[in-house]
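S.K.: After the structure tokens below, expect a handful of questions from me.
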Amino acid sequence: MKKAIYPGSFDPITFGHLDIIERSSKVFDEVVIGILNNSAKNSLFSVEERLNMTKMLTEKYDNVTVDSFDGLLVDYAKSIDANLIIRGLRAVTDFEYEIQIAQTNKVEYPELETIFMTTALNYSYLSSTIVREFASYGGDISRFVPEEIIPMIQAKYNA
Ligand code: PNS
């Protein structure tokens, strides 16, 4: 059984992430979205908020589950008995960082395979950072994230 982890910060989840999730769900038997609970990183959303948003937006996929983890990804992968990691690649600028992480993870856990999925062309510019930046200036983010989570993002900047 091919059980893969799609790890990330998802702060917030975007159409780019959702595209990778949908396509991954067709390739792997089980996809676990692993949300990094990184207390050192200044996240816009708490891990609970990110879990709830991601669950709401992916509940239609029977073989997709949402979980959070802290610490090293390799330890989390071992703990849930998964040896496949999915990462989206948008452009060549992502490559250097991604290959470094993938190779470090493989040194630590040789059975672990990282599979890169190219992001859909229409989302190749998109990132959570762009969404936060746009939202912080009151910009229209409806092209970047599903409408269900727009009020939650806007609320962070209207508080
Ligand atoms: O969405 P992101 O922020 O690009 O995701 C990065 C993530 C969560 C995949 C990466 O930072 C990660 O795996 N962090 C956990 C700690 C770890 O294992 N780091 C990689 C080895 S240095």
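S.K.: Among Ser39, Ser24, which is more than 13 Å from the ligand (Cβ to nearest atom) and either assigned to a loop (DSSP other than H, G, I, E, B) or of a type in the set (Gly, Ala, Ser) (or both)?
M.R.: Numbers: Ser39 fails: more than 13 Å from the ligand (Cβ to nearest atom).
Result of the check over Ser39, Ser24: Ser24.
S.K.: Pick out the one residue from Ala91, Ala120, Ala82 that is in contact with a helix residue (DSSP H, G or I) (Cβ under 8 Å, 6 or more places away or on another chain) and not polar (S, T, N, Q).
M.R.: Numbers: Ala91 fails: in contact with a helix residue (DSSP H, G or I) (Cβ under 8 Å, 6 or more places away or on another chain); Ala82 fails: in contact with a helix residue (DSSP H, G or I) (Cβ under 8 Å, 6 or more places away or on another chain).
After ruling out the rest, the residue left standing is Ala120.
S.K.: Now a separate question. Are there any pairs with C-beta distances below 7 angstrom linking a residue in the stretch 70-84 that is of a type outside the set (Ser, Thr, Tyr) to a residue that is in a helix (DSSP H, G or I), with the two at least 6 apart or on different chains, and if so which?
M.R.: Pairs that qualify, where the first residue is of a type outside the set (Ser, Thr, Tyr) and the partner is in a helix (DSSP H, G or I), are Leu73/Asn105; Val74/Asn105; Val74/Glu108; Asn83/Ala77.
S.K.: Here's a follow-up. Answer with yes or no whether Val131 is in contact with a helix residue (DSSP H, G or I) (Cβ under 9 Å, 6 or more places away or on another chain), over 16 Å from Pro7 (Cα atoms) and surrounded by 14 or more Cβ atoms within 10 Å (Cβ to Cβ).
M.R.: Considered against the rule, which asks whether it is in contact with a helix residue (DSSP H, G or I) (Cβ under 9 Å, 6 or more places away or on another chain), over 16 Å from Pro7 (Cα atoms) and surrounded by 14 or more Cβ atoms within 10 Å (Cβ to Cβ), Val131 comes out as yes.
S.K.: For Phe116, which of the numbered conditions (1) under 18 Å from Leu36 (Cβ atoms); (2) surrounded by 14 or more Cβ atoms within 10 Å (Cβ to Cβ); (3) modelled with pLDDT of 95 or more fails to hold?
M.R.: Of (1) under 18 Å from Leu36 (Cβ atoms); (2) surrounded by 14 or more Cβ atoms within 10 Å (Cβ to Cβ); (3) modelled with pLDDT of 95 or more, only one is false for Phe116: (1).
S.K.: Another question about this same structure. How many residues does the stretch 74-99 contain that are at pLDDT below 95, exposed (fewer than 14 other Cβ atoms within 10 Å of the Cβ) and not acidic (Asp, Glu)?
M.R.: Final tally of qualifying residues: 5.
The values are calculated or read from the model by the stated rules, or taken from the named source; none is laboratory data. Keep in mind that what you see is a predicted model, and the values were worked out from it rather than measured. Positions of Cβ are backbone-derived with ideal geometry, glycine not excepted, and every protein chain shown enters the neighbour counts.
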